[in-house]
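Here's the structure we're looking at; comments come further down.
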Amino acid sequence: MRARPNQDHETAAAAALSRVRERRPKVHCLTSPVALELSANALLAVGAVPSLTGHASGVRDFVAATDALVVNLGMLEPAREDAARVAAEAAHVLGRPWLLDPVKVELSEERLAFTRRLLVFGPAVVRGNSAEIAALGGEDPVRLAAAMPTVVARTGAEDLVTDGARHVAVANGSELMDRVTAVGCAASALAGAFLAVEPDPWAATVAALLVVGVAGEIAAERARGPGSFAVELLDVLYGLDEPALLERARAR
Amino acid sequence: MRARPNQDHETAAAAALSRVRERRPKVHCLTSPVALELSANALLAVGAVPSLTGHASGVRDFVAATDALVVNLGMLEPAREDAARVAAEAAHVLGRPWLLDPVKVELSEERLAFTRRLLVFGPAVVRGNSAEIAALGGEDPVRLAAAMPTVVARTGAEDLVTDGARHVAVANGSELMDRVTAVGCAASALAGAFLAVEPDPWAATVAALLVVGVAGEIAAERARGPGSFAVELLDVLYGLDEPALLERARAR
Amino acid sequence: MRARPNQDHETAAAAALSRVRERRPKVHCLTSPVALELSANALLAVGAVPSLTGHASGVRDFVAATDALVVNLGMLEPAREDAARVAAEAAHVLGRPWLLDPVKVELSEERLAFTRRLLVFGPAVVRGNSAEIAALGGEDPVRLAAAMPTVVARTGAEDLVTDGARHVAVANGSELMDRVTAVGCAASALAGAFLAVEPDPWAATVAALLVVGVAGEIAAERARGPGSFAVELLDVLYGLDEPALLERARAR
């Protein structure tokens with residue numbers, strides 16, 4: 001194993017996954033209605049404990065009781081916008097790491113303006129696809145990450161994770177991940193769990209994307225289509241062991 | 001079979017499940033967005049007919065057309081709060097049995113206050129985990145049930161169902177039930193179906209928890225993780241037969 | 001094959017499915033919260049690209065960017081009512097084909113009145129079960145279709161698709177389709193994808209219902225109950241090939 005260049009990332013990802021399973025961190029997800037179930041089930045599969053309340057009046061209490069926050073802007077509407085602002089500010093004030101997933105921010109000026117307001121509260125990580133990251137000024141994600149500063153994770157056929165100084169590409173995954181709704185949202189939720197147990201948000205994000213990507217690969221091999229893929233993905237996240245993760249992880 | 005102490009509960013549960021399948025009761029569920037799909041699918045799997053409309057303006061008509069009501073406070077927000085109040089009052093006035101699932105009531109003073117307002121409308125059953133039941137004053141569930149009066153079902157590794165006079169423990173289930181979101185909510189929804197066909201709410205609740213617990217055990221044996229567990233749970237609820245239920249049920 | 005009377009419908013359905021897979025049309029679904037995930041996953045399984053934003057303020061942009069619109073009235077509440085009105089008007093003005101699924105319109109005067117307001121915006125297709133179509137004045141669906149004019153698809157054990165002049169019955173499907181929530185809503189979503197690639201809305205609807213019905217039949221043969229049926233349905237939609245479709249389709 002020593003000969004492989006991504007030994008550090010592989011080993012760190014396996015260690016972080018073990019910590020998630022042992023510590024069972026609480027992760028509060030403010031996410032799209034369509035992503036609620038898969039996000040919660042992905043978190044439960046790795047041993048994390050999700051909460052999902054999305055209304056402004058109660059959300060501060062939930063953030064105070066949580067170890068990490070994930071804010072996903074899919075299907076954004078005014079009530080969740082209010083809740084997201086309150087939750088992000090609470091995470092900022094209380095020192096909880098939080099991740100922003102600016103879903104389809106490229107399609108709407110309103111959503112872009114709202115995203116910029118949330119960025120003031122210092123997310124540890126911003127995760128999006130190339131169109132979303134580009135809409136935030138991240139044609140060059142490394143420069144965006146350095147400027148904010150935050151970790152930027154641009155996911156796609158190959159994921160890029162950078163904090164402006166360090167960067168790594170993750171080449172795991174499967175095309176079936178694009179044939180099931182909210183798999184990206186669930187990956188963001190899982191990254192929240194890793195942020196809760198790994199103080200370096202860059203390392204936490206790399207670990208989460210390696211775990212999701214490897215799990216997606218294994219699930220795709222076992223699946224007959226997107227229906228069974230989604231089922232297998234949760235089973236694999238639940239049972240993924242260190243040897244499989246070390247063998248398959250492709251970070252560089 | 002006669003030698004076993006829980007013969008009555010087993011037999012009654014099997015009979016109630018048969019009645020659900022024959023009569024196909026309508027159950028209106030006001031539930032958390034994350035619990036909608038699994039709750040509806042669990043009801044459909046046993047032959048009940050769910051409706052889910054959660055807005056105050058139409059909910060009275062739906063309660064009037066239903067055989068039982070389930071009110072679940074997960075992810076509570078103002079519009080569903082209004083609908084829950086209207087629906088609970090309608091069930092009370094119209095004489096429909098209804099079940100209250102006070103999700104995470106221990107985490108918020110607001111939710112506790114709202115739960116107390118709903119209790120005025122006389123739920124047939126209150127189902128929660130130990131923290132939720134304790135928050136309602138049920139450190140001693142038997143006393144709480146007698147005082148309200150209502151059936152209190154405190155679920156966990158072992159479930160307790162009491163109406164203040166009678167009590168029974170249900171020891172079925174699987175740890176995988178805690179690794180899939182909204183399984184408890186789906187159990188509450190199923191209890192609604194049993195309330196619709198069994199006039200004694202204590203017996204209905206015992207029957208529902210036996211059915212869910214046994215189905216969970218069988219599903220866990222067939223599953224490779226939480227993804228396949230959720231799939232198997234619905235298949236088992238659909239196909240569960242009397243011999244399997246009688247053999248596995250552990251009520252005492 | 002030539003000897004069979006429904007050769008035209010079979011062949012046209014297979015061709016339309018191929019076009020969906022090649023062109024990957026965008027379909028915007030304004031649908032019930034319980035139907036979001038299955039609708040999105042059914043669309044993704046056949047290669048279409050769903051969007052789901054359900055708030056009035058952003059929905060016009062989403063309709064402008066889409067190839068077809070689906071409006072489903074399940075669990076209707078005021079915010080989605082506003083969005084539905086804006087979206088239907090936008091589809092009308094922009095010339096996007098759109099389908100209306102008037103879920104449970106027979107249960108509420110309010111929903112019926114709202115449905116009538118939407119019909120002004122000229123849906124290409126109205127799909128519902130017999131009670132829903134009857135509530136719109138469609139005891140005789142052929143007459144209703146001619147009067148509006150629109151395609152009327154009345155689904156059930158046997159589906160009827162008519163535009164007032166032409167009509168066809170589709171006899172595929174499985175009883176398990178009624179044991180999984182939102183399968184009908186997902187069928188409506190899929191019909192949206194076919195509307196995007198087939199300019200004749202009657203032919204598009206027949207094709208979509210044949211594909212869904214055949215997929216449901218195959219999935220039911222592979223399933224052990226409603227849980228595995230839902231998984232298989234997505235797998236079959238993803239992998240369904242022309243020979244299976246031609247062999248099983250029963251249109252007349």
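Observations on the model:
- Selection from segment C:39-53 of residues that are closer than 24 Å to C:PRO78 by Cβ and not in a loop (DSSP other than H, G, I, E, B): C:SER39, C:ALA40, C:PRO50, C:SER51
- Filtering segment C:52-61 to residues that are more than 7 Å from every other protein chain (Cβ to nearest Cβ) and either crowded, with 23+ Cβ neighbours inside 10 Å or among the β-branched types (Val, Ile, Thr) (or both) leaves only C:VAL59.
- Among the residues of segment A:105-118, those that are open to solvent by 60 Å² or more (accessible area, probe 1.4 Å) and either within 12 Å of chain C (Cβ to nearest Cβ) or assigned to a strand (DSSP E or B) (or both) comprise A:GLU106, A:LEU107, A:GLU109, A:GLU110.
- Test: residue in segment C:131-154 that is of a type in the set (Ser, Thr, Tyr) and either under 28 Å from B:GLU37 (Cβ atoms) or open to solvent by 50 Å² or more (accessible area, probe 1.4 Å) (or both): no
- Residues satisfying the stated conditions in segment B:193-252, i.e. open to solvent by 10 Å² or more (accessible area, probe 1.4 Å) and without any contact (Cβ under 8 Å) to a residue 24 or more places away in the chain: B:PRO199, B:ASP200, B:GLU221, B:ARG222, B:ARG224, B:VAL231, B:GLU232, B:GLY239, B:ASP241, B:PRO243, B:GLU247
- Sole residue being hydroxyl-bearing (Ser, Thr, Tyr) and within 14 Å of chain B (Cβ to nearest Cβ), chosen from C:SER188, C:SER228: C:SER228
- Boolean, A:LEU44 is within 19 Å of the chain's Cα centre (by Cα), without any contact (Cβ under 8 Å) to a residue 24 or more places away in the chain and either within 14 Å of chain B (Cβ to nearest Cβ) or open to solvent by 30 Å² or more (accessible area, probe 1.4 Å) (or both): yes
- Within segment A:1-19, no residue satisfies the criterion of being modelled with pLDDT of 95 or more and open to solvent by 80 Å² or more (accessible area, probe 1.4 Å).
- Selection status of B:LEU237, away from chain C (no Cβ under 14 Å) and either under 19 Å from B:VAL70 (Cβ atoms) or at pLDDT 95 or above (or both): no
- Checking A:PRO149, A:PRO199, A:PRO141 one by one, the residue that is more than 14 Å from chain C (Cβ to nearest Cβ), more than 25 Å from C:GLY47 (Cβ to Cβ) and touching a Leu at 6+ places or on another chain (Cβ under 7 Å) is A:PRO141 and no other.
- Top-ranked residue of segment A:62-97 - restricted to ones that are outside any loop (DSSP other than H, G, I, E, B), more than 17 Å from A:THR115 (Cβ to Cβ) and open to solvent by 30 Å² or more (accessible area, probe 1.4 Å), ranked as nearest to the other protein chains (Cβ to nearest Cβ): A:ALA79
- Inspection of segment C:20-30 identifies no residue that is surrounded by fewer than 24 Cβ atoms within 10 Å (Cβ to Cβ), farther than 17 Å from C:LEU100 by Cα, at the interface with another protein chain (Cβ under 9 Å from one of its Cβ atoms) and not acidic (Asp, Glu).
- C:THR181, sole failed condition from (1) open to solvent by 20 Å² or more (accessible area, probe 1.4 Å); (2) of a type in the set (Val, Ile, Thr); (3) within 14 Å of chain B (Cβ to nearest Cβ): (1)
- Test for C:ALA14: is it assigned to a helix (DSSP H, G or I) and touching a Lys or Arg at 6+ places or on another chain (Cβ under 7 Å): no
- Helices (runs of 4 or more DSSP H) lying entirely in segment A:121-218 (those with 1 or more residues that are small (Gly, Ala, Ser), within 11 Å of the chain's Cα centre (by Cα) and at pLDDT 95 or above): A:183-195
The values are calculated or read from the model by the stated rules, or taken from the named source; none is laboratory data. Just so you know, these numbers come straight off a predicted model, no measurement behind them. Reconstructed Cβ throughout: ideal geometry from the backbone, glycine too, with neighbour counts over all protein chains shown. Just the protein is used for accessible areas: all its heavy atoms, side chains included, with ligands, DNA and RNA removed. Shrake-Rupley method; radii C 1.70, N 1.55, O 1.52, S 1.80 Å.
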